[in-house]
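See below for the structure under consideration.
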Amino acid sequence: MQKAVANNLEPFDYLKYLLTELPKLGRHYEPEALDQFLPWNLVGKIKSLK
């Protein structure tokens with residue numbers, strides 16, 4: 001959560017996004033697929049969803 005705050009994301013919005021999008025990966029995925037969910041990769045995306 002501290003990294004989300006450090007990247008100017010609201011913790012609630014970040015968690016909501018993670019809990020909505022992570023299940024869409026399914027059971028079999030490459031570990032690198034998780035990089036897209038790191039806070040610094042989501043700054044513009046989460047803010048644009050509001």
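No value in this document is a laboratory result; all are computed from the given coordinates. Fair warning: this is a prediction, and the values are worked out from it, not measured in the lab.
The angle separating the long axis of helix 11-21 from the principal Cα axis of greatest extent in the chain is about 20 degrees.
How large is the convex hull of the C-alpha atoms of the chain per residue, in Å³? List each step's numbers first, then the result.
Numbers: hull volume 3.6 nm³, N = 50.
It comes to 73 Å³ per residue, whole-number rounded.
Run the numbers for Q36 and K16: contour at 0.36 nm per residue of separation, minus the present Cα-Cα distance, in nm. Please report the intermediate quantities before stating the final value.
Working: separation 20, 0.36 × 20 = 7.20 nm, distance 1.50 nm.
Taking 0.36 nm per residue and subtracting the Cα distance, the gain is 5.7 nm.
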